[in-house]
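Colleague: Pasting a structure here, questions to come.
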Amino acid sequence: MNIKQAKEYIKNSVNIYLKKDEFGEYSIPVVRQRPIFLLGAPGIGKTAVMEQIAQEMGIALVSYSMTHHTRQSALGLPFIAHRTYGGQEYDISEYTMSEIIASIYETMEESGIREGILFLDEINCVSETLAPAMLQFLQYKVFGRHRVPEGWVIVTAGNPPEYNKSVREFDVVTMDRLKVMEVEADYRTWKEYALERHLHGAVLNFLDLKKEYFYHMEITAKGRSYVTARGWEDLSQILQHYEEESLGVDETLVGQYIRNDKIVREFTAYYDLYQKYQKDYRIQEILEGRPTVQAIARAREAAFDERLSLVGMLLDRMLADMQEVMEQAAYLTDTRALLLAVKNTVTGDTRPEQVAVFMEQLEGKKREQMFALDRAGTLSGEDRKRSRKVLLFLEQSRRAVMTGQCGGSADGDVQGQPGAVSGGERAFAVVRERYEAAVSGMKRDTQRVQQELHNLFMFAQEAFAEGNEMLILVTQLTVSSAGAGFIAAFGSEDYQRFSQDLMLAQRQSRIQGQIAELKLE
């Protein structure tokens with residue numbers, strides 16, 4: 001299965017394991033809650049999927065790599081305890097709590113979330129001294145004398161032996177206590193993830209043309225040569241930072257992430273070509289509705305790989321702009337809920353400093369929520385960014401309240417008389433004005449991006465006519481959460497029209513194919 005399918009199976013298993021009966025007991029006893037074992041090549045996204053599952057399900061996540069654990073760190077250290085049995089005193093051996101188990105309790109204490117996933121990576125690389133204890137752990141969820149708290153599901157992961165010399169193959173007795181899921185690298189699935197993370201367009205376009213290079217393993221005269229999904233993602237990030245600093249990209253840099261000489265040479269050459277395409281076609285001018293005659297003519301005559309690269313570059317910029325608008329909308333929605341809380345505290349007797357104090361309290365609660373979710377491992381990068389924007393708005397608005405002219409009365413009215421405006425009401429008006437200004441800015445950005453999308457479709461229609469590029473454009477807008485979300489929220493007549501035309505054309509093509517197969521003509 002691919003990693004996307006594995007994710008759904010894991011979510012279903014976690015839901016079932018956490019299901020309770022009418023007495024509040026977990027329906028499946030702990031001893032029958034088989035830990036999940038993700039077995040797959042390195043770098044295909046096993047760890048990232050666990051983070052996504054925890055975030056989507058709103059449960060905690062504690063992750064550990066088992067490669068560095070010894071018997072002592074996993075099971076706890078022995079100490080002498082004094083006990084009395086039948087009137088006789090005895091010295092007995094006890095164990096301190098396992099570092100792993102203690103981390104679960106710390107997470108529950110700090111986050112307030114009582115259920116979660118314990119994710120143990122590289123489970124089949126445990127030390128020889130720890131291996132015997134793993135059987136007890138996998139069956140009974142116990143390390144030493146300390147049990148994994150109820151409500152915590154165990155998910156493990158590891159690499160097949162051919163990828164890792166440290167792997168210890170599990171025997172049948174151990175494997176019989178696991179839900180084994182063998183995960184394979186799949187570019188189409190990974191690309192959906194890559195679009196969400198806004199990986200560099202050169203990486204995605206190159207892999208669209210060379211899908212066989214997405215995941216590559218071979219033995220060469222120099223030793224093992226490998227290319228992984230993790231390598232492409234890390235390369236994408238460093239490319240973006242190099243471009244921000246106007247630094248040159250060469251084979252030496254690419255080779256630090258892509259460990260195959262042939263693929264390094266081909267990608268570096270393509271990256272240089274990709275940069276040239278960006279300059280030649282003037283991507284921003286196309287999105288602004290000002291494509292040059294030369295750009296349209298060149299796109300019409302270009303080979304498929306160049307046209308595919310051009311579509312990728314346009315989509316890369318388009319989706320980034322859409323994502324920015326969607327992030328603004330989400331942040332303003334969160335902010336509005338807090339401003340309503342502020343509004344409800346304002347009365348005719350409220351003073352500006354009281355409004356400021358209440359806003360400071362809201363900031364504190366928001367930070368506490370962020371910390372709890374972060375400690376639980378359920379705070380996504382998008383959530384973190386949005387929460388920080390909300391906090392910045394509250395902080396700046398609170399300062400504006402304290403430094404603004406919020407006291408006095410309006411139009412000569414005296415506070416307490418009909419028509420008078422209190423200082424608190426004036427303070428809230430300051431905050432409301434800042435919020436409305438932010439909303440107006442988002443509306444302008446939305447209109448700009450809608451116009452960019454229209455310009456993109458018009459260019460594609462003129463430059464590519466009936467080519468497959470329009471199908472690629474519509475498909476990518478559909479599978480991307482930023483594209484689909486923006487179009488669903490704000491609409492696009494061009495998208496609706498071209499997607500319907502393409503569906504009609506596909507249906508017609510299928511019917512013609514069926515007729516040809518029946519030999520009716």
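Colleague: Just to check, using Stokes-Einstein with a Kirkwood Rh over alpha carbon pairs, what's the diffusion coefficient of the stretch 175-258 at 10 °C and 1.306 mPa s in µm²/s?
Modeller: On the way: Rh = 14.5 Å.
My calculation gives 109 µm²/s for D.
Colleague: Leaving out same-chain residues fewer than 8 places away, which aspartates and glutamates sit with a Cα under 14 Å from that of residue 366?
Modeller: Within the straight-line cut-off, residue 366 pairs with 334, 374, 383, 395.
Colleague: In addition: Defining a contact as two alpha carbons under 8 Å apart and six or more residues distant in sequence, what relative contact order in percent does the chain show? Working shown, then result.
Modeller: Values: 664 pairs, mean separation 79.3, N = 521.
Computed over the chain, the figure is 15 percent.
Colleague: Then there is this: Using the Karplus curve 6.51 cos²θ - 1.76 cosθ + 1.60 with θ = phi - 60°, work out ³J(HN,Hα) for each residue of the stretch 382-397 in order, rounded to whole Hz, and write x for Gly and Pro.
Modeller: 5, 5, 4, 5, 5, 5, 5, 5, 4, 4, 5, 4, 4, 5, 5, 5
Colleague: What are the residues whose amide H is under 5 Å from the amide H of residue 180, where those residues sit 5 or more places off or on another chain and H is modelled from the backbone?
Modeller: The answer is 37.
Colleague: Given contacts defined as C-alpha pairs under 8 Å and at least six residues apart, what's the relative contact order of the stretch 134-291, whole-number percent?
Modeller: Taking the mean separation of contacting Cα pairs over the length of the stretch 134-291, I get 14 percent.
Colleague: Quick one: what are the phi-derived ³J(HN,Hα) couplings along the stretch 484-499, Karplus 6.51/-1.76/1.60 with θ = phi - 60°, whole Hz, x for glycine and proline?
Modeller: 5, x, 5, 5, 5, 7, 10, x, 6, 4, 5, 4, 4, 5, 6, 5
Colleague: How big, in percent, is the set of alpha carbon pairs in the chain lying more than 30 Å apart? Display every interim value, and only then the final one.
Modeller: Numbers: 87213 of 135460 pairs.
Value for the chain: 64 percent of Cα pairs lie more than 30 Å apart.
Colleague: In addition: So what is the diffusion coefficient of the stretch 1-141 in µm² per second by Stokes-Einstein at 37 °C and 0.692 mPa s, using a Kirkwood Rh over Cα pairs? List each step's numbers first, then the result.
Modeller: Details: Rh = 17.4 Å.
Rounded, D is 189 µm²/s.
Colleague: Cut-off under 18 Å on the C-alpha distance; same-chain residues fewer than 8 positions from residue 365 excluded. Which lysines are left, in chain and number order?
Modeller: Within the straight-line limit of under 18 Å, residue 365 reaches these lysines: 343, 385, 389.
Colleague: Based solely on its DSSP helices, what 222 nm [θ] is calculated for the chain when runs of n ≥ 4 H residues each add -39,500 (n - 2.57) and the sum is averaged over all residues, nearest 500 deg cm²/dmol? Mind dumping the intermediate values first?
Modeller: Working: 20 runs with 312 residues, N = 521.
Only helices count here, giving -20000 deg cm²/dmol.
Colleague: With a ≥ b ≥ c taken as the square roots of the eigenvalues of the C-alpha gyration tensor of the stretch 438-490, please select rounded if a/c is under 1.5 and otherwise prolate if a/b is larger than b/c or oblate if it is not?
Modeller: Here the stretch 438-490 falls in the oblate category.
Colleague: Something else about it: What is the stretch 271-394's relative contact order, in percent, from Cα pairs under 8 angstrom and six or more apart in sequence?
Modeller: Details: 42 pairs, mean separation 29.2, N = 124.
Answer for the stretch 271-394 is 24 percent.
Colleague: Among 459, 299, 403, whose Cα lies farthest out toward the positive end of the dipole of the chain, if unit charges sit on the beta carbon of Lys, Arg (+1) and Asp, Glu (-1)?
Modeller: Looking along the dipole axis, the top candidate is 403.
Colleague: Then there is this: Rounded, prolate or oblate: which fits the stretch 103-197, taking a ≥ b ≥ c as square roots of the Cα gyration tensor eigenvalues, rounded meaning a/c under 1.5, else prolate when a/b beats b/c?
Modeller: Details: a/c = 2.22, a/b = 1.12, b/c = 1.99.
Verdict is oblate for the stretch 103-197.
Colleague: On average, how much accessible surface per residue is there in the chain, in Å², for a 1.4 Å probe, leaving out ligands, DNA and RNA? Don't skip to the answer; put the middle values down first.
Modeller: Values: 27780 Å² over 521 residues.
Heavy-atom accessible area per residue stands at 53 Å².
Colleague: If you don't mind, another one. Based on the Kirkwood radius over alpha-carbon pairs, what value in µm²/s does the Stokes-Einstein equation return for the translational diffusion coefficient of the stretch 287-391 at 4 °C and 1.567 mPa s?
Modeller: Working: Rh = 17.9 Å.
Value of D from the Cα-based Kirkwood radius: 73 µm²/s.
Colleague: How would you classify the stretch 212-349 from its alpha-carbon gyration tensor, with a ≥ b ≥ c the square roots of the eigenvalues: rounded for a/c under 1.5, else prolate if a/b is greater than b/c, otherwise oblate? Show your work: numbers first, answer last.
Modeller: Values: a/c = 3.26, a/b = 1.59, b/c = 2.05.
Judged from the Cα gyration tensor, the stretch 212-349 comes out oblate (a/c at least 1.5, b/c at or above a/b).
The values are calculated or read from the model by the stated rules, or taken from the named source; none is laboratory data. Source: prediction; values computed, not measured. Cβ sites come from the backbone with ideal geometry, for glycine too, and all protein chains shown count toward neighbours. For the accessible areas, the whole protein counts, side chains as well, though only heavy atoms, and no ligand, DNA or RNA atoms are used. Shrake-Rupley method; radii C 1.70, N 1.55, O 1.52, S 1.80 Å.
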